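Below: one structure, written as structure tokens.
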Amino acid sequence: MATVTTANGHASEHHEVGSNYLNARKGVLSWLFTLDHKRIGVMYLAGTLFFFMIGGILALLVRTELLTPAGDLFQGDTYNRVFTLHGAIMVFIFIIPSVPAALGNFVLPLMLGTKDVAFPRINLLSFWIWMLGTAFLLYSIIAGSVDTGWTFYTPYSSDPQVGSQAGSAIIWALMGVFILGFSSILTGVNFITTVHKMRAPGMTWTKMPLFIWGIYATAVIQVLATPVLAITLLLLTIERTLGIGIFDPALGGDPVLFQHFFWFYSHPAVYIMILPGMAIISELVTVHSKKNIFGYKPIAYSSMAIAIISFLVWGHHMFTSGQSELASTVFSALTFAVAVPTAIKVFSWVATLYKGSISLNTPMLYCLSFLFLFTIGGLTGLFCSTLATDIHIHDTYFVVAHFHYVMMGGTVIAFLGGLHHWWPKMTGRWYNENWGRFAAALVFIGFNVTFFSQFVLGSQGMPRRYHTYHSASPDLKAIFTKWHQVSTVGSYILAAGLFITLFYLLHSLFRGKKVAEKNPWGAKSLEWLTETPPIEHNFHEEPVCLHGPYDYDEISPDGQGAGADEDDDSPLYLDKKTEAKKAEEPKAEEKKAEEKKAEEPKAEEKKAEEKKAEEKKAEEPKAEAKKAEAKKAEETKAEEKKAEAKAEAKSDDEADKDKK
């Protein structure tokens with residue numbers, strides 16, 4: 001890449017042919033210390049996918065343990081450590097950063113039409129903080145591991161005499177999550193600033209892609225809610241190390257206070273996880289149905305509404321904790337209220353699909369899976385938010401199934417759909433579409449077999465976090481055994497689909513067909529205007545936004561849309577060079593019209609002259625004939641005159657002769 005000065009004095013960056021963000025700079029250090037948002041996003045992606053695999057393996061161990069009533073694989077303490085580590089890795093290390101920090105980091109600046117995020121160095125710092133927090137959390141395994149569950153409930157986490165907490169493992173785990181929170185806050189601040197200050201010219205709030213709206217709402221929650229978790233974990237650490245009574249009742253503390261603090265963050269954290277997934281679906285559903293999004297503004301504003309309401313519903317996690325009936329009633333009503341903006345999104349997505357040109361490719365299959373699975377997760381949430389039913393299903397496998405239908409059936413499925421959607425742009429390579437569809441089908445089937453059966457387990461009273469159920473009554477034991485076995489088989493099917501996905505995506509990096517087009521999906525948003533893969537600084541020229549990101553019907557009458565390309569006759573986005581060319585066209589037409597108008601009098605004069613010449617030419621034969629007639633007449637007169645003269649001369653001669 002070279003920098004030159006153009007004729008107008010501005011610096012312009014020229015990239016070598018074939019140069020992109022992947023090969024512009026060489027070496028491991030160029031990645032570890034990069035300020036390029038795309039490379040940082042790829043590093044986040046690699047890290048989160050690795051820990052997704054680790055958390056998934058731990059989940060398989062949990063399901064294998066529950067295959068038999070007696071629990072033949074682990075002792076109770078080991079089982080507690082395994083499911084605690086599974087939950088902590090999946091929530092704090094994988095799901096929370098997966099979409100915003102990985103896909104969001106890569107796509108958000110491209111969609112906004114800018115070269116990078118507002119604070120590139122803070123962006124890199126947030127990645128390294130994420131790595132540091134992950135290291136602290138994983139070191140807790142070496143230090144004795146944690147068996148409190150991923151929620152770190154007191155007194156399990158505050159009493160040194162409970163479980164394995166006599167060691168320092170809980171301190172390492174708490175500090176790991178504390179550090180991870182700073183990464184989340186920095187990412188949120190960066191994205192909020194970028195959206196406010198670095199949108200392309202012409203990109204108003206109502207011309208932003210809905211993915212940006214979802215990430216923006218997520219960033220607001222990250223900035224406002226995460227400090228509460230950080231303070232809570234810091235107070236718990238102080239209590240353990242200094243013996244100050246905050247949450248431990250033996251020291252005069254209140255363990256329910258910890259639950260209030262924890263869920264004040266952690267329920268908004270549920271939307272930190274699901275809002276980015278919803279944002280991805282808003283892109284997939286319109287691009288792969290080639291149809292203008294139904295209800296753009298309601299979808300956008302519902303993201304902000306969810307972000308606001310999420311801070312008001314934490315109490316529904318505590319219906320059995322002894323809080324007042326009035327508080328429980330208020331929290332129940334607010335929980336029902338959050339279903340309204342969520343339903344607005346779901347109905348808008350379904351309406352978008354109606355009469356669309358739907359392509360059943362891998363991203364769309366994950367999109368349709370999301371609509372089915374997340375709807376089940378949302379509807380079963382109504383049972384948990386209803387006071388009368390929650391008393392019975394609280395702390396059972398019904399809650400486990402509901403949580404996974406929302407978190408994995410929602411966020412993770414959407415993440416997989418977004419990963420397949422942007423994979424060609426990120427890597428410049430195609431994955432195997434047939435394998436993609438097959439894996440998506442396995443994931444869908446395996447997920448439903450795994451977790452729908454857990455609704456049955458929960459409704460029959462199977463408590464969560466138990467590694468054995470051999471002491472249940474014979475009838476319940478038979479029911480629990482059957483459905484646990486079904487759930488375990490489903491987890492193996494789900495794992496097979498995910499490992500196949502991992503295989504063909506890695507295979508595509510080395511053997512995949514190169515993507516020839518900038519915009520293989522025919523999308524309308526700005527990231528598809530860049531090269532594939534994008535150049536280091538995203539755009540050759542600063543783009544200008546002319547239309548909305550989903551105007552398929554407006555721009556393309558047949559609803560198909562060729563995608564935003566520089567060569568399109570009616571692109572949604574233009575770079576400055578193309579914009580100048582388009583702007584000059586009316587002037588050229590006007591100039592041409594003026595020249596034509598100026599030429600018209602001359603043409604008339606010329607035409608008149610030509611007519612006059614033709615008339616003159618047409619008169620020439622008449623003039624000649626007239627001249628000839630006149631000449632003939634003159635000759636005749638001359639002859640007559642001559643004859644008269646001759647006659648007179650003869651007469652004179654005769655007269656003279658007579659005289660003589």
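Some observations on this one:
- In a residue-by-residue description of the range 87-99, the property of being under 29 Å from the mean Cα position of the chain (by Cα), of a type outside the set (A, V, I, L, M) and within 30 Å of Ala478 (Cα to Cα) applies to at least one position.
- Set Leu526, Leu494, Leu476: member being of a type outside the set (S, T, N, Q) and within 25 Å of Val107 (Cα to Cα): Leu526
- Phe211 being over 28 Å from Met407 (Cα atoms), surrounded by 20 or more Cβ atoms within 10 Å (Cβ to Cβ) and hydrophobic (A, V, I, L, M, F, W, C): no
- So Ile445, is it farther than 25 Å from Pro520 by Cβ, modelled with pLDDT of 95 or more, of a type in the set (A, V, I, L, M) and out of contact with any Lys or Arg (no Cβ under 9 Å at 6 or more places or on another chain): yes
- Restricting the range 157-172 to residues that are under 14 Å from Ser140 (Cβ atoms) and open to solvent by 50 Å² or more (accessible area, probe 1.4 Å), the residue that is modelled with the highest pLDDT: Trp172
- Checked against the criterion of being more than 21 Å from Val399 (Cα to Cα), surrounded by fewer than 20 Cβ atoms within 10 Å (Cβ to Cβ) and free of Cβ contacts under 8 Å to residues at least 60 places away in the same chain, the candidates Val350, Val330 yield just one match: Val350.
- Residue match in the range 246-269 (condition: modelled with pLDDT under 95, in contact with a Leu (Cβ under 7 Å, 6 or more places away or on another chain) and not in a helix (DSSP H, G or I)): yes
- A search for C-beta distances below 9 Å between a residue of the range 267-278 that is open to solvent by 10 Å² or more (accessible area, probe 1.4 Å) and any residue that is assigned to a helix (DSSP H, G or I) and of a type in the set (Phe, Trp, Tyr), counting only pairs 6+ apart in sequence or on different chains, returns His267/Phe311; His267/Trp314; Val270/Phe403.
- In the range 77-93, the residues that are under 14 Å from His467 (Cα atoms) and open to solvent by less than 20 Å² (accessible area, probe 1.4 Å): Tyr79, Val82, Thr84
- Members of the range 507-537 that are farther than 14 Å from Thr427 by Cβ and of a type in the set (Val, Ile, Thr): Ile535
- Cβ pairs under 8 Å, 6+ apart, first in the range 21-46 and closer than 26 Å to Phe94 by Cβ, second loosely packed, with under 13 Cβ neighbours inside 10 Å: Leu35/Arg121
- Subset of the range 373-391 (residues that are without any contact (Cβ under 8 Å) to a residue 24 or more places away in the chain and not polar (S, T, N, Q)): Leu379, Phe383, Ala388
- Whichever residue in the range 493-523 is among the charged types (D, E, K, R) and without any contact (Cβ under 8 Å) to a residue 60 or more places away in the chain and, among such residues, is nearest to Ile293 (Cα to Cα): Lys518
- Selected residue (criterion: most open to solvent (accessible area, probe 1.4 Å)) from residues of the range 305-327 that are of a type in the set (Phe, Trp, Tyr) and more than 12 Å from Val256 (Cα to Cα): Trp314
- Contact map, the range 214-234: first residue open to solvent by 10 Å² or more (accessible area, probe 1.4 Å), second residue hydroxyl-bearing (Ser, Thr, Tyr) and assigned to a helix (DSSP H, G or I), Cβ cut-off under 6 Å, separation 6 or more or different chains; pairs are Val228/Tyr265.
- Scan of the range 235-245 for residues that are assigned to a helix (DSSP H, G or I) and either open to solvent by less than 60 Å² (accessible area, probe 1.4 Å) or of a type in the set (Lys, Arg) (or both), ordered by number: Leu235, Leu236, Thr237, Ile238, Glu239, Arg240
- Filter result for Glu609 (modelled with pLDDT of 75 or more and of a type in the set (D, E, K, R)): yes
- Test: residue in the range 480-496 that is open to solvent by 50 Å² or more (accessible area, probe 1.4 Å), of a type in the set (Phe, Trp, Tyr) and either touching a strand residue (DSSP E or B) at 6+ places or on another chain (Cβ under 9 Å) or at negative phi (or both): yes
- Restricting the range 25-62 to residues that are among the basic types (Lys, Arg) and more than 17 Å from Leu103 (Cβ to Cβ), the residue that is most open to solvent (accessible area, probe 1.4 Å): Lys26
The values are calculated or read from the model by the stated rules, or taken from the named source; none is laboratory data. Remember, predicted model here, so these are calculated numbers, not experimental data. No Cβ is skipped: glycine too gets one built from the backbone with ideal geometry, and neighbour counts run over all protein chains shown. The protein model used for the area step is the full one, side chains on, heavy atoms only, and it has no ligands, DNA or RNA in it. Shrake-Rupley method; radii C 1.70, N 1.55, O 1.52, S 1.80 Å.
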